[in-house]
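J.: Before I ask anything, let me first share the structure, which is written out below as structure tokens.
The values are calculated or read from the model by the stated rules, or taken from the named source; none is laboratory data. Note that the coordinates shown come from a computational prediction; the quantities given were computed from them, not determined experimentally. FYI the Cβ positions are ideal-geometry reconstructions off the backbone, even for glycines, and counts take in every protein chain you see. Quick note on the areas: whole protein, heavy atoms, side chains included, nothing else; ligands and nucleic acids left out. Shrake-Rupley method; radii C 1.70, N 1.55, O 1.52, S 1.80 Å.
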Amino acid sequence: MNKSLDQQFMKKLAALVFPIAFQQFMLALVSASDAIMLGMLDQGYLSAVSLAGQVQFVFNLFLAAMTIGASMLAAQYWGKGDKESVEKIFAVVLRISFLVSLVFFTGAVFLPEQVMRIFTSEEALIAGGAGYLRVVGPSYILCGVSQIYLCIMKNSGYAAKSSVISSSAVILNIVLNAVLIFGLWNAPRLEIAGAALATVTARAAELVWVILDSAKDGRIKARGSYLLHPDKILRRDFWKYTTPVLGNEIVWGCGFTMYSVIMGHLGSDAVAANSIANIAKNLISCFCLGLGSGAGIIVGNELGAGRLEKAKEYGRRLCRLSVAGGAVSGLILLAASPVILAFANLSEQAGGYLQAMLVMCSYYLIGKSVNGTTIAGIFCAGGDSRFGFWCDTVTMWCITVPLGFIAAFWLKLPVTAVYFIVNLDEIVKLPAVYRNYKKYRWVKDLTVKMS
């Protein structure tokens, strides 16, 4: 029995976690390519686009809430074999995501300078970031639709195909980055605007591909009748379980954005070093992120099928794997630090900041891996979506954000000391997360509670 369970678990890991992890890695490569290519032209370009990218970061928070909420319901209904309900959920989430995307598109295209002033007071960074936002704005609408398609593909047995589509779009984005930023092959040299245009083009290609793929037999489809007349019961259930997730994402994301605001007012060198550190952290943490996304689907499928003990055992295995994955990721980041510093192309002071930041990121990854697997994956799979909201509210808004502002603007501590303080959130959470996990409130069949 144990051998059979091991084989089933490894098969699910191979089918879900590894493709999603690879997809996360490819997505992080886009930010890395932007940073490397723009940094080759000017450190100011790197800093400007990094701060402008905070708009995409906040947008991704809403998308994350939508996809986690969709996965909570879709994974369990798919586990029950109820394809019709999955299509109805798809329609509900697609409508909401499109409206959210429209709001971000409007802000980026029509109010870019006002948006940039939230993150920095340096006029050169404001001008560069505003130019980027004006061009990249349409990508928010394209991304808002395509990511819901990809989410449903992952939850309906096509995780590998979703990874192929997303990764291909990333490769296209990177190639276009080089062509349009530097003006290769007789293309116009657009620099910052080129990076933005490459993103829009890649997102458009991704959306066309997912729509064509969904038209195939056996795929979950966006049916017009469900889009025009969404299922009221499923819409209510979606908001019931997604609202705490959305609150959690906003609380965590706005707190994380405050970190960028703090670093953004400590000078261009601090911004550039923080940008590279975040990119390196995101590249290395791809397995941890894939594990969190896959955990929600793996556990959710078992809960939906009524196999509660099996879901509990999978949860235990995923938690142990998250600790190991976080530790290995941290060691990889430390080993890669000399290479990152060599290719960062930063000033001497920014390079010194970056070296210290990478050390702090290495142990941060352990907390990020464990918390991502439990809070966003296992807990949400069983409908326990409120815990993350309260945990992040206390951790970030009562501890790390206030301490970060005090350290930066009142005590005027060194940049590296401020960075240390604002990166304590994932570590501070761990005791509360462990305690909540051991209560096993997430081991329940979520769909039996739906009307």
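J.: Here are the criteria: (1) within 25 Å of Gly69 (Cα to Cα); (2) open to solvent by 10 Å² or more (accessible area, probe 1.4 Å); (3) part of a helix (DSSP H, G or I). Tell me which single one Glu113 does not satisfy.
T.: (1)
J.: I've got another one for you. Here are the criteria: (1) over 18 Å from the mean Cα position of the chain (by Cα); (2) surrounded by fewer than 20 Cβ atoms within 10 Å (Cβ to Cβ). Tell me which single one Ala48 does not satisfy.
T.: (2)
J.: Next question. Got a number for residues in the range 214-234 being farther than 22 Å from Ile96 by Cα and open to solvent by less than 50 Å² (accessible area, probe 1.4 Å)?
T.: Going through the range 214-234 one residue at a time, the tally reaches 1.
J.: Any idea how many residues of the range 77-105 are part of a helix (DSSP H, G or I), out of contact with any helix residue (DSSP H, G or I) (no Cβ under 7 Å at 6 or more places or on another chain) and under 21 Å from Ser225 (Cβ atoms)?
T.: Matching residues across the range 77-105 total 3.
To keep it simple, each residue is scored yes or no on (1) among the aromatic types (Phe, Trp, Tyr); (2) at pLDDT below 85.
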residue: Glu309; (1), (2): no, yes
residue: Arg320; (1), (2): no, no
residue: Gly330; (1), (2): no, no
residue: Leu333; (1), (2): no, no
residue: Pro338; (1), (2): no, no
residue: Phe343; (1), (2): yes, yes
residue: Gly352; (1), (2): no, no
residue: Tyr363; (1), (2): yes, no
residue: Gly367; (1), (2): no, no
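J.: Taking Asn345 as meeting all but one of (1) part of a helix (DSSP H, G or I); (2) over 22 Å from the mean Cα position of the chain (by Cα), write down the number of the exception.
T.: For Asn345, the failing item is (1).
J.: Examine the range 382-392 for a residue that is within 27 Å of Cys288 (Cβ to Cβ), touching an Asp or Glu at 6+ places or on another chain (Cβ under 8 Å) and at pLDDT 85 or above, and state whether such a residue exists.
T.: no
J.: Here's a follow-up. Give the residue, chosen from Leu142, Leu150, that is touching a helix residue (DSSP H, G or I) at 6+ places or on another chain (Cβ under 6 Å), within 23 Å of Ala74 (Cβ to Cβ), open to solvent by less than 10 Å² (accessible area, probe 1.4 Å) and not in a loop (DSSP other than H, G, I, E, B).
T.: Details: Leu142 fails: open to solvent by less than 10 Å² (accessible area, probe 1.4 Å).
Going through Leu142, Leu150 in turn, just one is touching a helix residue (DSSP H, G or I) at 6+ places or on another chain (Cβ under 6 Å), within 23 Å of Ala74 (Cβ to Cβ), open to solvent by less than 10 Å² (accessible area, probe 1.4 Å) and not in a loop (DSSP other than H, G, I, E, B): Leu150.
J.: How many residues does the range 193-213 hold that are open to solvent by less than 20 Å² (accessible area, probe 1.4 Å) and over 24 Å from Lys154 (Cβ atoms)?
T.: 4
J.: Something else: Quick check: is even one residue across the range 208-218 of a type in the set (S, T, N, Q), in contact (Cβ under 8 Å) with a residue 12 or more places away in the chain and within 30 Å of Gly264 (Cα to Cα)?
T.: Keep residues of the range 208-218 that are of a type in the set (S, T, N, Q), which gives 214.
Filter once more, keeping what is in contact (Cβ under 8 Å) with a residue 12 or more places away in the chain: 214.
Imposing the further condition that a residue be within 30 Å of Gly264 (Cα to Cα) reduces the set to none.
There is no residue in the range 208-218 that is of a type in the set (S, T, N, Q), in contact (Cβ under 8 Å) with a residue 12 or more places away in the chain and within 30 Å of Gly264 (Cα to Cα).
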